[in-house]
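One structure is given here, and the rest of the page talks about it.
The values are calculated or read from the model by the stated rules, or taken from the named source; none is laboratory data. Here the structure is a predicted model, which is why all the values come from computation and not from measurement. Neighbour counts run over all protein chains shown; Cβ positions are idealised from the backbone, glycine included. Heavy atoms of the whole protein, side chains included, go into the accessibility calculation; ligands, DNA and RNA do not. Shrake-Rupley method; radii C 1.70, N 1.55, O 1.52, S 1.80 Å.
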Amino acid sequence: MRKELLKYNIAFFLLIVSLFLSSTVFAHTINYALEKSPTQAVLLYYLKLGFHHIIPGGLDHILFVSALCLLSNKIKTILWQATAFTVAHSVTLALSMKNIIVVPSAITEPIIASSICFVAIENILFSQLKPWRIGIVFMFGLIHGMGFASALNEIGLPPNKFYTSILAFNGGVELGQAAIIVMIFASIVGLWGKKTWYRQRIVYPLSVIIALIAGYWTITRLFFN
């Protein structure tokens, strides 16, 4: 089973690399309404936008981060994964909005859904952080960053405050993710993580539910959108 999972990891890595190599570049949308707004107003606007993209608007991202938190009851394990995810999506968010690399949402959205399913299934198969998990979470973070860019591109960026806007949006996304981690750790992992029945009664059922939801999303995004 573990050898098969490792083969799947390698195949998924190659798929993502191929997406980068075949990307189509386009210009990001310009938000002229905020062009003359003061910097503080722009910061606050995109900070809120980034946070709301996660909570309450990003159920898929909420489930992904929640699944990351369920692997282990050690906060170090959660932080390693969250850091890899954050670094990765920050990179592709910036690159996508700078028109360096863009993958169509028709490709990224099914992969985002399948990434949630993958992480949830790994939670069932493994109880400790494996070296490849960090790499896979990083690769998934690259795809999620493109999803963030797609959402941000719908609103657009003011031409004279590009970096201010994108940093504020990313900051809002990080605050949303941090809020999820705190809530999951405080309400689930911190309370019951050291119980002998934790994996059987908490991790397995929640991971199965997350995997089923994500599997449904993957199918619908692939064949019905």
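For this structure, a couple of remarks:
- Candidate set from the range 107-135 (those that are open to solvent by less than 10 Å² (accessible area, probe 1.4 Å) and among the aliphatic types (A, V, I, L, M)); member that is nearest to HIS89 (Cα to Cα): ILE112
- Taking the range 199-225 as the range and being farther than 24 Å from ILE188 by Cα and among the β-branched types (Val, Ile, Thr) as the test, the residues that pass are THR218, ILE219, THR220.
- If you go through the range 61-76 and pick out every residue that is assigned to a helix (DSSP H, G or I) and either open to solvent by 20 Å² or more (accessible area, probe 1.4 Å) or more than 17 Å from PHE118 (Cβ to Cβ) (or both), you end up with 4.
- Residue ID - farthest from the chain's Cα centre (by Cα), chosen from residues in the range 81-106 that are surrounded by fewer than 18 Cβ atoms within 10 Å (Cβ to Cβ) and over 30 Å from ASN160 (Cβ atoms): ALA106
- A residue that is of a type in the set (S, T, N, Q), surrounded by 13 or more Cβ atoms within 10 Å (Cβ to Cβ) and touching a strand residue (DSSP E or B) at 6+ places or on another chain (Cβ under 6 Å) occurs somewhere in the range 161-178.
- When ILE155 is tested against (1) over 21 Å from the mean Cα position of the chain (by Cα); (2) within 25 Å of VAL87 (Cβ to Cβ), exactly one condition is not met: (1).
- Criterion violated by LEU34 - all others in (1) modelled with pLDDT under 85; (2) farther than 26 Å from ALA179 by Cβ satisfied: (2)
- Residue pairs meeting the criteria (Cβ under 8 Å; at least 6 apart or on separate chains; first closer than 20 Å to PRO104 by Cα and open to solvent by less than 70 Å² (accessible area, probe 1.4 Å), in the range 197-221; second outside any helix (DSSP H, G or I) and of a type in the set (Phe, Trp, Tyr)): none
- Looking only at residues in the range 179-196 that are crowded, with 16+ Cβ neighbours inside 10 Å and more than 17 Å from the chain's Cα centre (by Cα), the one that is farthest from ALA41 (Cα to Cα) is GLY193.
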